[in-house]
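So the structure is just underneath, and the comments pick up after that.
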C-alpha cells in the first residue's frame, strides 16, 4: 500500500464532498510542467487540471497529460472557460497582470509565483480578489519550495516580527558560493546560464531587483508595512571579485547577496546587496541555489527557514500546496499592513576594498577623508603577493551609515592613484 | 506610528466584522502567562481573553491583566462559560484530555501545546471537533515557536514527504551541546534543572519519550501515517559520556538526540535517540535549547526549519498564531492519513564504544561476534591516555540493522573484560 498517496483515504476531508476545483495553467515551462506532473502523479483530491494556456502550445503537449486537457494559445478562451483557478506562471508585470486581473474580476481564484506582480500590485490584487469572492495565493513567489509565506502567515502571525534577513535569489547564491570556492565571476555566470540558473541578461538577478521584490513582499507580511519596492536601492554583485573572497576569509567571513529589512522605533530600513557574513551565521551555510530566511520576532526570537528556493519541482510544490489550501477552504490570516516609507539606513560596519597604483601617502589621504565624515576605522588589511601597480587593500570601518561612507568615497574617488571606484560592502554582524 | 500594531488598521480583515473569539486559558504557568502577555500587549483583532482556569488561581492573578478576566479554580465553571476557545496548557493525558474532550463536545474550539495528548489521541479528537463544529489546533505541540506544523500543512501539502529528521527536544539538545563543550552529564543536567529547561524527573525528555510523541505527530502530518507512539522504542541519552564526544570529534561528528522517520517502498522506519551527526549536517549546528526539523520531499528536496522549540514566549507565539488562524477563518488542509505499523529498521552505520579491563584477544573476540552477524567493520579507534583497567575504544560498522547489532552485542556482553554494556549509537549520514 502506498503510504503517502494523497487520494488513498476518504475520512473527514472537506474537499471530498465538493466538486473538485478546475485548474488552468497559464504557462507550461519548467514550473508549469512540474505542477502538472505533481497533479498527474499525486491526483490530489479536490483538484482537477483542465486547461493549459501557452504560446505555440502544440509543442508543449505531453503524452503523460490526461487526454481531456484543453491546450490553448488563446488566453481569452481559457479566461472565459469554466476553470475555477488560474495558475499564473508567465511572470513579469504584463501581460501576466492583465490575465490575473481579468481572472479575479471574473470571480476566479489565482495562484501565482510572480514576485514582481505581487511586490508592485499585491495589495490592489488582494483587494480585487476579496471584492469578487475569489482568492489570491502566492506562496511560490518568495523562496520557492520553502514554506516561508505560509509559515509566516499561519505560524508567526502571533509574533511581532522586527527583522528579516534572507538569501532570496538562488542565482546570486550559486554564483557567490562558487566564487567562494575560487571561480571567477564571468566563468561562473556562464556556468549558471548553461545550467538554466541565470538568464541571458542576468541583471534582474545579479542587480538585486529580484531579491528586492521578494523582500518587499516579506516586509508586508512580516513587518506589516506596504513599501514601494523601488525605494529599496539594490547593490549589484558584479563588482565582487575573487580577491574580496580572499580578504573576507581573512576576516572570518564569506560574501552572500543578502536582503534585509528592520523596523526599529517606528522607523524602517531595507537593503539588498552583496554583504560580508560571518562564517558562523546560518546565512554563510547556504550553498548553491539554496534560499534562506531568518525572521527575528519580539516574542519568538530567530526562526530560520531554508531549502530550495527555485527550480521547477520545488516551486511547483508551493503552487500545489496553495491549490490544496484553496480546495480545503483554508483562508489567509489577513494581518493588516500600513503604507510606509523606508526612512533610515542601517548603521553597520563596512568593508571597503581599494585597488590602487601604489605611491606614498595613500592610506593617510583615505583615512583623512573617512575622518572628515566621522567614520572610525576598525582595521586595515593588505595581503602580500599583488603587483604595486594594481594593489588591493581593505579598510573595515565601525558601524556607520552607507550615505556618509559614500560621501567619503566620492571624495576619495578623485585620488589619482585609484584604478577603480572602491568596493563598499556592508558587514552583517 | 507603531508600524507593527496588530490592531492599527481596519481593511478587509475578515475578523473585524465579527464578534471577537472569547478565549479561556487552562493553565497559567510560563506558557499561559506568555500567551496572556501577547494578547494584552498586541491586542490582536478578533481575540478577547476572558477566563483563566488554574489551581490556586489567586496567586496567579496579575496586575497587568484586564480587570474583567474571570479567574477560576473550577474547570467545570470555565468549560460551561461562554468562552469560544479553550487554550489547554496543562499537559499530560489527564485531566487535560477530559477538559479538551468536554470543550470539543460543547462545540468549542481548542488550541493546545499538548504533544502527548495529540500524539496518542489526536485523530480521535480531530474527529470529535469536526463532528461538533469546532476546531482543534496544536501548532505549539511540536517545535514550539517554529512554524513546522503550519509550514507543513499549508506549504508542503503539495509534496510527497519521504523523510523526517529532527531535533525535537530542547532539553536534550541543551545537555548534549553543553557536553560537546566539555561538561559532564550530571553537572549539565543540574544546570538544565536550575534554568528550568529540565524537570526534577527528566526521564520524559532524556529518555526520548517527549521526542517520540512529537515525531509521531509529524509522521501523521508529513508521512500521512497514524502510528502508535509506543511502537517507537526510544534510546536514552543518559549513557552518552564525555569520551563519546571526544571519539565523535575524531570521526568528524558530534552527538545529538535525533528523531527520525522514513517511508521507503511502502515500509516505515522510525527511531529516537542519541546519534552521531556529521559536523557538516545542519543538525550539528543547533545549539542550546534550539529545535530543528528537516523534511525531505520527493519534489521539493530538503526543507529545514529551526529556532526556539520551547520556552514561554516562543510557544506562546504558536498558540496565538493558532488563535488568529481560528479568528480569521483559516481551515486546516486536511490531508488524509492511514493507520500504519513501523515495519522496518533503518540500516545505518553504527558507533559502538566499549569500556574494558584490557587483556589480549579482546578485539579478536568482538570482531568475531560481529562477523557472525555479518556486520562489517568500518574502523577501530583507540585513543591514548586512558588506564588499561578502564580502557575505552570504539568500533564503527558499516550500515546494518540495530537488531542484528544488538544480538552481536548481547553475545559480546558476556565477555569477562567488559566493564559495562557497550554503547551503541546510530551514525546519521
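Coordinate-derived values only; no laboratory data. Everything numeric in this text was worked out from a predicted model, so none of it was measured. Please note: Cβ atoms are built from the backbone with ideal geometry, for glycine as well, and neighbour counts cover all protein chains shown.
Tabulated results
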read-out: Taking chain B and dividing mean pair separation by its residue count, relative contact order in percent (alpha carbons under 8 Å, at least six apart); value: 16 percent
read-out: Exercise: per-residue mean of other protein chain Cβ atoms within 10 Å, B:303-314; value: 6
read-out: Modelled label reach - residue A:403, point 7 Å along Cα→Cβ, segment A:218-259 residues with backbone N closer than 15 Å; value: A:231-233
read-out: Ranked by how many other beta carbons lie within 10 Å on average, peptides A:167-179, B:180-192, A:25-37, A:138-150 from highest; value: A:138-150, A:167-179, A:25-37, B:180-192
read-out: Shielding by partners, peptide B:288-299 (average Cβ within 10 angstrom, other chains); value: 3
read-out: Protection-proxy order for peptides B:318-327, A:226-235, each taking the mean of Cβ atoms within 10 Å per residue, highest first; value: B:318-327, A:226-235
read-out: Angle between chain B longest axis and helix B:362-372 axis [Cα atoms, degrees, rounded to 10]; value: 70 degrees
read-out: Choice from A:18, A:341, A:108 with maximal GNM fluctuation in chain A (Cα, 10 Å cutoff); value: A:18
read-out: Distances in nm from residue A:182 to the matching label points in the other copies, shortest first (labels 7 Å along Cα to Cβ); value: 3.5
read-out: Burial ranking of peptide ranges A:310-316, B:293-299, B:76-82 (average Cβ count within 10 Å, highest at the top); value: A:310-316, B:293-299, B:76-82
read-out: Closest approach to the A/B rotation axis among chain A Cβ atoms, residue and whole-Å value; value: A:151, 2
read-out: Estimated inter-spin distance, residue A:230 and residue A:30, nm [label 7 Å along Cα→Cβ]; value: 2.9 nm
read-out: Pairwise FRET efficiency - residue A:250 versus residue B:199, Cβ, R0 = 41 Å, nearest 0.05; value: 0.30
read-out: Long-range tail of P(r) for the protein assembly as shown (Cα pairs > 44 Å, %); value: 34 percent
read-out: Kirkwood hydrodynamic radius over Cα pairs of segment B:173-319, then Stokes diffusion coefficient at 37 °C and 0.692 mPa s, in µm²/s; value: 202 µm²/s
read-out: Nearest-0.05 FRET efficiency for residue A:242 and residue B:359, computed from C-beta distance (R0 60 Å); value: 0.55
read-out: Inter-chain Cβ neighbour average for residues A:142-149, partner chain, 10 Å; value: 5
read-out: Over 17 Å [Cα-Cα, segment B:21-137], rounded percent; value: 51 percent
read-out: Diffusion constant of chain B at 20 °C, which comes from Stokes-Einstein with the Kirkwood Cα-pair radius and 1.002 mPa s, µm²/s; value: 92 µm²/s
read-out: 7 Å along Cα→Cβ, label-point gaps from residue A:398 to other copies, nm, shortest first; value: 6.1
